[in-house]
Amino acid sequence: MKRIIKKIGFHDEYGNPQEITLGKFGVKEINQHSAQGEGDKFYYDIIFEDNKGLMIFDPKVVEYEKIDDGSGF
């Protein structure tokens, strides 16, 4: 099984709640990156249609959909 991340909720640098949704406001991809070592954190790359990006390090909510990709996982 593959996960398609649909929405991510977080707080901006001022503490304001924010939400980014796949397909809205030019968001073309939301990708999760696993921690790579001790002290490292999961983070999320947000890629926009103009290929600019944003990294989210402390999400509050992540909404996803499972897609059967034939892998059995």
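The values are calculated or read from the model by the stated rules, or taken from the named source; none is laboratory data. What you see is a predicted model, and the numbers here were worked out from it, not measured in a lab. Glycine also receives a Cβ, built like all others from the backbone with ideal geometry; neighbour counts cover every protein chain displayed.
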Note to self: Could you list, ordered by first residue, the pairs with Cβ atoms under 7 Å in which the first is in region 41-65 and part of a strand (DSSP E or B) and the second is among the polar types (S, T, N, Q), at least 6 apart or interchain?
What the structure shows: 44/31; 44/32; 45/31
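Mind listing whichever residues of region 1-28 are of a type in the set (Gly, Ala, Ser) and on the phi > 0 side of the Ramachandran plot?
15, 23, 26
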Check: Looking only at residues in region 12-25 that are more than 14 Å from the chain's Cα centre (by Cα) and in a loop (DSSP other than H, G, I, E, B), which one is nearest to residue 62 (Cα to Cα)?
Finding: 12
Margin query: Based on this model, can you work out whether residue 67 counts as modelled with pLDDT under 95, surrounded by fewer than 14 Cβ atoms within 10 Å (Cβ to Cβ) and within 14 Å of the chain's Cα centre (by Cα)?
Written below: no
Check: In region 25-32, is there at least one residue being out of contact with any strand residue (DSSP E or B) (no Cβ under 6 Å at 6 or more places or on another chain), modelled with pLDDT under 95 and of a type in the set (Phe, Trp, Tyr)?
Finding: no
Item checked: Failed condition for residue 36, given (1) modelled with pLDDT of 95 or more; (2) assigned to a loop (DSSP other than H, G, I, E, B); (3) not small (Gly, Ala, Ser) -> (1)
Checklist line | When residues of region 26-40 are limited to those that are free of Cβ contacts under 8 Å to residues at least 24 places away in the same chain and within 13 Å of the chain's Cα centre (by Cα), the one surrounded by the most Cβ atoms within 10 Å (Cβ to Cβ) | finding: 27
